[in-house]
Structure formats: C-alpha cells, structure tokens
Amino acid sequence: MTRHFLDVDDLTPAELGRVVELAGEEEPPAVLGGRGVALLFEKPSLRTRNATEIAVFQLGGHPLTLRAEEVGLAEREPVGDVARVLSRYHAAIAARVFEHHKLQELAASSSVPVINLLSDDAHPCQALADVLTLHHHFGRLAGLELAYVGDFNNVARSLAVAAASTGIKLRVASPAGFGPTPVDLARLDGLGGPPAVTSNPREAVDGADAVYTDVWTSMGQEAEAAQRFRAFEGFTVDEPLMGAAAGHAVFLHCLPAHRGQEVAAEVVDGPASLVWQQAENRLHATRGLLLWLLGA
Ligand code: CP
Ligand code: NVA
C-alpha cells in the first residue's frame, strides 16, 4: 500500500520515532537511485523548497520544482490527472497548496507517496523538524512542557498532533476565535493528547521547557492582517513572557518571523532561540521522512 504524509498522524508514534532516528543518518543510502521527486508550490517558500530539494539530492534523486500555476493544478488539468501523470515519472510527489483537499485528491490518484509541504490546515514536515529540534536539545520528548502562543494555524495544528503522538505536554494560548476548534480538540483527544487551552499567554508559558509561536497572518490571509493585528495584541513573545517559562526554556519559530509582532527581536535573536537549528533540521527531518517513505 502506498503511504502518504498529509499530516503527522499518518505515521504511528513508533513510525514517527523511526523517522526522527533516520533524520540522524549521516550517510544515507541513495534510495532514490536517480529517480525524481516532483515539488509543486502554490505558495512561496524558502526553507521547505531548499530543504526538500537538497534532501532529494542527498538521497540520490532529482528534485523537480514547479509552481502550481505552471501546471495549472485543478485549472488546466484535474488534480487526479496531475497525480497519475507525475506518478509515472517520480518516486514521490510533494506539494504546498492552499486547500488541504487538493493533497487528498493527489493522494487518491497517485501510485507514489504524496507529501504535504504545507496546506492551509497542516504543516507536518515542519512538525517533524520541530520534534527533531526538541529531541536534539533535551534528549527526550515525552513529558516536555511546550507552550504555543498565537494563532492555532497549520503549523500549530501539526505541532499539536506531533505533541500528542510523542507525549509532549502542550499548552496553547490564543485570542478568542483563533484557538483550536472543537474538531481539533476532538481529534487531539482521540490521539490521547488534548492540549490545555487558554487565552492568557502567561498561563500557557508558566514553567514551560519550550515556547513556540508563528505569524499572526498566514499566507492567503493577507486581507485579514489589520483585524488579526488588533486581535493578537498582547500575544507577542517578548522577554517578560519568556521570563515566565523555565529558566532553561528555548524559543522556537518555524520562520519567517515578524520581529515586533508575534516575537520580539530580543527573543528570536537571543540566546534561548533555536530557530536556525530548527530551520536546518527541516533538511534532516525531510531526508528522514523520504528514507522512511521510500523504504530504507
Ligand atoms: N517554515 C517554512 O515552511 O518556511 P518556508 O515557508 O520558507 O518554506
Ligand atoms: N503559518 C504560516 C507558516 C509559514 C511557514 C503560513 O501558513 O503562512
């Protein structure tokens, strides 16, 4: 059966642990053996495109990046037909899309693994790098206390699923209307890891081992930026807020970061920040995922 990776819970907890292990392979086998991996992008990217292209190259493959508008995904050609054709050339299809259902449509018609490179709903490759970063730093995952402050968006949703899967204790602080929905909470409850939810950032951060935030306005939400800017007032991760976390606490952000909005410059550029290691880990985590999906 072809395995896909549309969100973190497409891997069992044991499989996720194996991907984290494989991410550490220093001399990975050339599992791609000259085959291609198609990378489709409906939205901009710095980290994801670079990390995925280099991971494919390190596994002996050829990455082929396409803007979705060049392909005419769902316009020039139905999504299912794109998947059927790309499956004939490539060992895997990776895509960054607005609507998550396009990934499901790709997966339904693809005979090779489909990987989510970010959708409006989920960013599971980021979550793999996040758990890898925490694992490197703390030497364990289960029992760590992680605070997420901000919009419960694609990044937060996949992070929450990864936390549930690994035994990380997550606390989420979001303004009213921007937190996990009842559907999110039911799903996380089903995975055995419902987060504690509050609208008070200090309460979420209190004593935490790690503090994570992401942009207030995600790609595709630009028209809501002014309204979001007002709603998130008081949710900036700044030095006083980091002061409420454990003395050894680290700061995480998927990047790109907006200094002075969701994070203060002194925090993202400060000594507790692991964001550059986290960005590098996108490469190692993606390589580990490809190794696992392609049967290492
Ligand atoms: N964190 C992340 O996914 O970055 P890009 O949008 O630059 O790929
Ligand atoms: N939540 C952000 C993440 C970018 C990597 C977005 O979707 O724009």
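Explain nothing, just the number: dipole magnitude of the chain about its Cα centre with +1 on each Lys and Arg Cβ and -1 on each Asp and Glu Cβ, in debye rounded to the nearest 20.
Details: 23 positive and 37 negative charges, 115 e Å.
Dipole of the chain, to the nearest 20 debye: 560 debye.
Ordering Asp151, Asp81 by accessible area with a probe of 1.4 Å, largest first, what comes out?
Values: Asp151 10, Asp81 60 Å².
Correct descending sequence by accessible area is Asp81, Asp151.
Ignoring ligands, DNA and RNA, what percent of the accessible area of region 29-156 is carbon or sulfur (1.4 Å)?
Numbers: 2530 of 4880 Å².
It is 52 percent, rounded to a whole number.
Full extension from Ala196 to Gln104: what is 0.36 nm times the residue separation minus their Cα-Cα distance, to one decimal in nm? Write out the running numbers ahead of the final one.
Numbers: separation 92, 0.36 × 92 = 33.12 nm, distance 2.95 nm.
Extra length available between Ala196 and Gln104 comes to 30.2 nm.
Skip the ligands, DNA and RNA, and give the accessible area per residue of the chain with a 1.4 Å probe, whole Å². Intermediate results must be reported in sequence, preceding the final value.
Working: 12320 Å² over 296 residues.
Normalised by residue count, the accessible surface of the chain is 42 Å².
Give the residue from Ala265, Leu46, Val114 lying farthest towards the positive end of the charge dipole for the chain; charges sit on Cβ (+1 for Lys and Arg, -1 for Asp and Glu) and the dipole is referred to the Cα centre.
The residue sitting most towards the positive pole is Val114.
Given an 8 Å cut-off on Cα distances and at least 6 residues of separation, report the relative contact order of region 1-131 as a percent. Provide the component values of the computation, followed by the final result.
Numbers: 210 pairs, mean separation 39.9, N = 131.
Relative contact order for region 1-131 comes out at 30 percent.
On full extension of the chain, what length is gained from Glu21 through His248, given 0.36 nm per residue of separation minus the C-alpha to C-alpha distance? Before the final figure, lay out each step's value.
Details: separation 227, 0.36 × 227 = 81.72 nm, distance 2.48 nm.
Full extension of this stretch gives 79.2 nm more.
Loop only by DSSP, 13 or fewer other Cβ within 10 Å of the Cβ. Give me the trypsin sites (Lys or Arg not before Pro) in region 61-117 that pass, ordered by residue number. Walk me through the numbers on the way to the answer.
Details: sites: Arg67, Arg76, Arg84, Arg88, Arg96, Lys102; in loops: Arg76.
Here the trypsin sites (Lys or Arg not before Pro) that fit, given the DSSP loop and packing criteria, are Arg76.
Averaged over all directions, how much area does the convex hull of the C-alpha atoms of region 235-296 cover when projected, in nm²? Working shown, then result.
Working: hull surface 21.0 nm².
Result: a mean projected hull area of 5.3 nm².
Assuming R0 = 35 Å, what is the FRET efficiency of Glu233 and His136, from their Cβ-Cβ distance, to the nearest 0.05?
On the way: r = 34 Å, r/R0 = 0.97.
E between Glu233 and His136, to the nearest 0.05, is 0.55.
If you average the sequence gap of Cα pairs under 8 Å that are 6 or more apart and divide by the length of the chain, what percent do you get for the contact order? Each step should come with its number before you reach the end.
Numbers: 602 pairs, mean separation 63.0, N = 296.
In percent, rounded to a whole number, it is 21.
One quarter of the convex hull surface, Cα atoms only: what value does that give for the chain in nm²?
On the way: hull surface 57.2 nm².
It is 14.3 nm².
Calculate the FRET efficiency for Ser45 and His258 from the Cβ-Cβ distance with a Förster distance of 25 Å, rounded to the nearest 0.05.
In this case the efficiency is close to 0.90.
Any chance you could look up the accessible area of Trp276 with a 1.4 Å probe, heavy atoms only, rounded to 10 Å²?
Answer for Trp276: close to 150 Å² accessible.
The values are calculated or read from the model by the stated rules, or taken from the named source; none is laboratory data. None of these values were measured; they are calculated from a predicted model. Here the Cβ is made from the backbone with ideal geometry for all residues, glycine too, and neighbour counts use every protein chain on show. Side chains are part of the model used for accessible areas, which takes the heavy atoms of the whole protein and leaves out ligands, DNA and RNA. Shrake-Rupley method; radii C 1.70, N 1.55, O 1.52, S 1.80 Å.
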